[in-house]
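Have a look at the structure below, then the notes.
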Amino acid sequence: MKKLIILILTAVLFCVSPAIATDYYVASNGSDGNPGTLAEPWETLQYAVDSISGGDTVYLRGGVYTEGAGAFLMSDVNGTAQNYTTITNYQDEEPILEACFEVTGWSLYSDSIYVASWDAGTQLASGGDGYTVKSSGFVNVDKTFDTDNWLEPFEELVDIEAGGWHYDQGNNLLYVWLQDSSNPSGHNIYSVGDTWWSMLPIALNRVSYLRVENITVRLAQFAITNSNSPTTHDVIFDNMKIYGVRAGFVPEWPAINMTLQNSEIYNTQGPGVQCNADYNTIQNNKIYDISALQLDWPYGKAWGGCSVTVLGSYNTITKNEIYDGKSDGINLEAWGINGPGQETGHDNVVEYNYIYRTGADAATGISSIGADYTIIRNNIIYNYATGISTQIGGLAEGMGTYPDQRITKYNKIYNNTIVSCDTAGIALTESGYLENVEVKNNIVYESGYNIYISHTDLMNDITIDYNLYKLTPTTGNFRSGDGSNHFSLASWQVELDGYSTPAGDDHSIEGDPIFKDIGNLDFSLDSNSPAINAGLDLGASYNLALNPNSTWPSSVTTLDQDDYGTWEIGAYVYVLAGPVGGPGTIAGGGTGTITGGGTGTIEGTEP
C-alpha cells in the first residue's frame, strides 16, 4: 500500500511540474536548420519565436538583421507572471533589427533622376487613396539619418526635386533624385514600405508575459506594435534603442499592461510613442528629435509627430525626458470608441516628465484634447509655444466625429513648473465645453500669457488658484474669455470671480520664483523662493513631488510633501542639506538632527 501511494504521489507531482525553460540563440551568420544553441544558432528571429515555448529565453547575437530576418510576428507565446518569455541581447553585443529592403540596378532616367525596377507591391505609395504625398513608406540613403538622406516622396514624377523619390506602382519603377545629384549606384538605397506585418520588426499577436530588452530597431514602419488581439498583455520593452522609423512604440487596442521603459527613441518621421491602448506605462525614456522631417500626415496631430500621443485610457506617462520634437511633447486625445461603451482617451496620468525645446512655432508641452479625467502634475515644461492646454476640438477631415465627446471634464493641472512658453503658460481653449477643470499649485515664469482662456460662456466649474506668476509690465499677463487682457493679478482675480468656483485665483501670488540655477535649466527652488510653503495641500493622492536631485530620465525620484511641512508651488519639493548626525537648518527657523547614513535633507515649519 505504501508503495502504491508513493507511486501515485510521484505521478501527480510529475504531471504538475512546470516545463523547464530553455535558452536559444540567434546569430546573423546562423542557420534555421541548426538546433539554436550557442555553438549552432538559428538565423532569423521569426524562426526563433515560432519555435520557442512560454518562459524560454532567446539570446540575439550582435549584428544587423534585415530583409525579413529583422522582422518577426510572435503569436500564441505565453509566459507566466513568475516566468516571463525573454528576447534579449547576448552579453554586451548589440543586435540591430531592420525591416527594409535594398534597391539596386539603377540607371539614368533624365538629368539627375535615376530609375530602378522595384516590385514594392503596396509598400511604397507616392500619393492617392486619401493619403498625402508624404504619408506612406519612405526611402533612405546609406542608413544615415540626417535630413538629406531621408528622401521625400512626390506624387507626380514631373514634380520631383533634389532629395526626392517617386514610385510608379503600375510599372514597378522607383525614381530617385539624390540631394547631391549623384548616381545612387554609389550608395545603398533602402525602401521601407507600408505593408504592415512584413515591415514591422516586432509585432505581437496573443502574447503575454514577455520581456524584450537591449535591442536596437531602425529602418521600419512601426518599431513595436501588436495586432488587435484581446489577449496580448503584460509585455515589457526595456533598454531599447529606436530610431530612423516612421513611428516608435505603438501599442494597439485592446492590448493592456504594455510597458516601455529605460529606452531611447529619436529621429523618427512620425510619433515617438503612439499609445492606442489602455493600462500601459511609458516611463524613464529619452524621446527626442521626433518627427524630424515634419511629414504632412493625413490625420492631424495624432499622426503628425507628437513625441508621445495617447489615445487610449488609464495610461501612465512618467519620468520621461522629451526634447527637440517638432510638435507637441505629450498629446492626449479622445479619439473615438473601440466598441460599445469603450470610449477612448480618459483617466490618463502625466507626471514627473521634463519636456523642453520644440522646433515648432505652435507646439504645446502637454495637450489634453477632449480627454476626460486627465491628471497633469509635477511636470517641467520649458521653451514651448504653450506649456499646458486643455481643450476640445474636432478631428481631422475624413476621420469622423467624437461620440458625445464635446465636453472635456475633470482635468487636474497640479504642481507643474512652466518656463519661457511664448504664447501661454496654461491655456483653456477651443470650442466645446470645459467642465470641472482645476489649475492649482503651478509656476508660470516668463511666458506670453500666464493663463489664456477663450469661450468663457462654455466653461463650468473652472478652478484656478494657488499659482505663482512672473508678470511682465509690457504685455497682457492674462487673457479672459471675452478677449480682454489683464496686466495685473488683481484685475485678473476680479475677472475670474465671475465664473471660476470656488476660488478665482485669490490665493495665487506674483513674483520671481527664484529658481536654483535657471542658467543651467535647474528649475528647483532656491532658499529665497516665494513658492516655498505657498502651495495648497491637494491630498494624499498627489503628495509626491520631484526630488531636486532628480536627473532625467534615469534617476527621477520623488519626496512626500507631507514630510516637509506645507506644500510648495511648482514641481519640486524644497529641501535643505545638513550634515549627517548633526544639526541641520529647518526651513522656517529652528534646528534639527539628520540621522542615518549618507547625506540627508530636512525641512520643517517654524517652532
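The values are calculated or read from the model by the stated rules, or taken from the named source; none is laboratory data. Being a predicted model, the structure only gives us computed values, none of them experimental. For neighbour counting, all protein chains shown are included, and Cβ atoms are generated from backbone atoms with ideal geometry for every residue, glycine included.
If TYR84 satisfies every condition in (1) touching a strand residue (DSSP E or B) at 6+ places or on another chain (Cβ under 6 Å); (2) at pLDDT below 95 but one, which is the exception?
Here TYR84 meets the rest and fails (2).
Is it the case, given these coordinates, that TYR564 is hydroxyl-bearing (Ser, Thr, Tyr), buried (at least 19 other Cβ atoms within 10 Å of the Cβ) and at pLDDT 90 or above? Talk me through it step by step, then tell me what you get.
Working: hydroxyl-bearing (Ser, Thr, Tyr): yes; buried (at least 19 other Cβ atoms within 10 Å of the Cβ): yes; at pLDDT 90 or above: no.
Criteria not met by TYR564.
Condition check ((1) touching an Asp or Glu at 6+ places or on another chain (Cβ under 9 Å); (2) farther than 16 Å from VAL77 by Cα; (3) surrounded by fewer than 23 Cβ atoms within 10 Å (Cβ to Cβ)) across all residues:
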position	(1), (2), (3)
PRO201	yes, yes, no
GLU213	yes, yes, yes
ALA220	yes, yes, no
ALA223	no, yes, no
ALA247	no, yes, no
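Within region 54-79, can you find the residues that are in a loop (DSSP other than H, G, I, E, B), modelled with pLDDT under 95 and surrounded by fewer than 17 Cβ atoms within 10 Å (Cβ to Cβ)?
GLU67, GLY68, ASP76
With respect to VAL192, is the statement that it is in contact with a Cys (Cβ under 8 Å, 6 or more places away or on another chain) and either farther than 30 Å from ASN257 by Cβ or modelled with pLDDT under 90 (or both) true?
Yes, satisfied.
Is it fair to say LEU210 is among the hydrophobic types (A, V, I, L, M, F, W, C), farther than 30 Å from MET240 by Cα and either outside the structural domain of ASN89 (by TED's automatic domain parsing) or assigned to a strand (DSSP E or B) (or both)?
On the way: among the hydrophobic types (A, V, I, L, M, F, W, C): yes; farther than 30 Å from MET240 by Cα: no; either outside the structural domain of ASN89 (by TED's automatic domain parsing) or assigned to a strand (DSSP E or B) (or both): yes.
It is false that LEU210 is among the hydrophobic types (A, V, I, L, M, F, W, C), farther than 30 Å from MET240 by Cα and either outside the structural domain of ASN89 (by TED's automatic domain parsing) or assigned to a strand (DSSP E or B) (or both).
For region 356-397, give me each residue that is in contact with a His (Cβ under 7 Å, 6 or more places away or on another chain) and at pLDDT below 90.
Within region 356-397, the subset in contact with a His (Cβ under 7 Å, 6 or more places away or on another chain) is 371-373.
If the condition is that a residue be in contact with a His (Cβ under 7 Å, 6 or more places away or on another chain) and at pLDDT below 90, then ALA371, ASP372 are the ones that fit.
Across region 510-556, what is the total count of residues that are small (Gly, Ala, Ser), more than 24 Å from ASN284 (Cα to Cα) and touching a residue at least 24 places away in the same chain (Cβ under 8 Å)? Please lay out each step first, then the result.
Step one: list which residues in region 510-556 are small (Gly, Ala, Ser), which gives 511, 519, 524, 527, 529, 531, 534-535, 539-541, 545, 550, 554-555.
With the extra rule that they be more than 24 Å from ASN284 (Cα to Cα), the set shrinks to 511, 519, 527, 529, 531, 534-535, 539.
Okay, now just the ones that are also touching a residue at least 24 places away in the same chain (Cβ under 8 Å), so 511, 527, 529, 531, 534-535.
Matching residues across region 510-556 total 6.
Out of GLY448, GLY481, GLY476, which single residue is touching a helix residue (DSSP H, G or I) at 6+ places or on another chain (Cβ under 8 Å) and either assigned by TED's automatic domain parsing to the domain that holds ASN416 or at pLDDT below 95 (or both)?
On the way: GLY448 fails: touching a helix residue (DSSP H, G or I) at 6+ places or on another chain (Cβ under 8 Å); GLY476 fails: touching a helix residue (DSSP H, G or I) at 6+ places or on another chain (Cβ under 8 Å).
Exactly one residue qualifies, and that residue is GLY481.
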